[in-house]
Amino acid sequence: MEKIKINFTINGKDKKIETFPNRTLLSILREDLGLTGVKNGCEEGECGACTVLMDGSPVNSCMVFIGQADGHDFVTIEGVSKDGQMHPVQQAYINNGAVQCGFCTPGFVLSTIALLERNSNPTDDEIKVALSGNLCRCTGYTKIIKAVKSAAKEIQNEE
């Protein structure tokens, strides 16, 4: 199998890599780029632990072959804080006790960011739909929904 050349942006930085086409974005992010905030959960696109933003929309990086990444812009959890300051969504998750073991948290945070960028005042049902691709085994989802609402208010206050 021949290697392919891929160009993409990750957390605001242009990347050029050469790799085998059967590798996933998840493996490239974790193994080659050291972005271990992207978690390897089910490898079947079911749990959301590997969620990243692709051109602003949440995707399961375990389901994206690296060739599909060519020319796209990606954000991982490592790319959401700015100048050492947590993103309001990250802070809201902490403030509302929505972080348990932390394994699922990066995926939830990124899905929340994507939701609030397109809908700054979501209903409970809209939050549930937006987060439906992310699973948590440690907690009920009550604190997570509370954190999303809190982040939405904080972001609205900043605008």
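When the residues of the range 107-159 are filtered to those that are in a loop (DSSP other than H, G, I, E, B) and among the charged types (D, E, K, R), which remaining residue is surrounded by the most Cβ atoms within 10 Å (Cβ to Cβ)? Among them, the one singled out is 137. Cβ-Cβ contacts under 8 Å between residues 6 or more apart (or on different chains), taken from a first residue in the range 12-32 that is free of Cβ contacts under 8 Å to residues at least 24 places away in the same chain to a second residue that is hydroxyl-bearing (Ser, Thr, Tyr), are listed as 15/9; 30/36; 32/19. Taking the criterion of being of a type in the set (Val, Ile, Thr), surrounded by fewer than 22 Cβ atoms within 10 Å (Cβ to Cβ) and either under 27 Å from residue 152 (Cβ atoms) or in contact with a Ser or Thr (Cβ under 8 Å, 6 or more places away or on another chain) (or both), would at least one residue in the range 18-26 satisfy it? Yes, that holds for at least one residue.
Residue-wise test of (1) aliphatic (A, V, I, L, M); (2) farther than 20 Å from residue 131 by Cβ; (3) touching a Cys at 6+ places or on another chain (Cβ under 9 Å).
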residue: 9; (1), (2), (3): no, yes, no
residue: 20; (1), (2), (3): no, yes, no
residue: 58; (1), (2), (3): no, no, no
residue: 61; (1), (2), (3): no, no, yes
residue: 75; (1), (2), (3): yes, no, no
residue: 78; (1), (2), (3): no, yes, no
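Quick check: anything in the range 86-106 surrounded by 13 or more Cβ atoms within 10 Å (Cβ to Cβ), among the small types (Gly, Ala, Ser) and touching a strand residue (DSSP E or B) at 6+ places or on another chain (Cβ under 7 Å)? No. Residues that are in contact (Cβ under 8 Å) with a residue 60 or more places away in the chain, over 18 Å from residue 43 (Cα atoms), touching a helix residue (DSSP H, G or I) at 6+ places or on another chain (Cβ under 9 Å) and not in a helix (DSSP H, G or I) are absent from the range 85-98 altogether.
Take the conditions loosely packed, with under 15 Cβ neighbours inside 10 Å and modelled with pLDDT of 95 or more and apply them to residue 32. Does it pass? Here the answer is yes, as residue 32 does meet what is asked. Residues in the range 62-84 that are over 16 Å from the mean Cα position of the chain (by Cα) and more than 14 Å from residue 29 (Cβ to Cβ): 67, 70, 71, 83, 84. If only one of 74, 65 is more than 16 Å from residue 144 (Cα to Cα), aromatic (Phe, Trp, Tyr), modelled with pLDDT of 95 or more and surrounded by fewer than 19 Cβ atoms within 10 Å (Cβ to Cβ), which one is it? Matching residue, one of 74, 65: 65. Determine whether the range 35-43 contains at least one residue that is over 16 Å from residue 134 (Cβ atoms), among the small types (Gly, Ala, Ser), assigned to a loop (DSSP other than H, G, I, E, B) and not assigned by TED's automatic domain parsing to the domain that holds residue 154. No, the range 35-43 has no match at all. Residues in the range 119-159 that are in contact (Cβ under 8 Å) with a residue 40 or more places away in the chain and more than 14 Å from the chain's Cα centre (by Cα): 139, 143, 144, 146, 147, 148, 150, 151, 154, 155, 158.
Per-residue answers, yes or no, for (1) of a type outside the set (A, V, I, L, M); (2) within 26 Å of residue 12 (Cβ to Cβ); (3) out of contact with any Gly (no Cβ under 8 Å at 6 or more places or on another chain):
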residue: 49; (1), (2), (3): no, yes, no
residue: 116; (1), (2), (3): no, yes, yes
residue: 126; (1), (2), (3): yes, no, yes
residue: 153; (1), (2), (3): yes, no, yes
residue: 158; (1), (2), (3): yes, yes, yes
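The values are calculated or read from the model by the stated rules, or taken from the named source; none is laboratory data. Everything numeric in this text was worked out from a predicted model, so none of it was measured. Neighbour counts run over all protein chains shown; Cβ positions are idealised from the backbone, glycine included.
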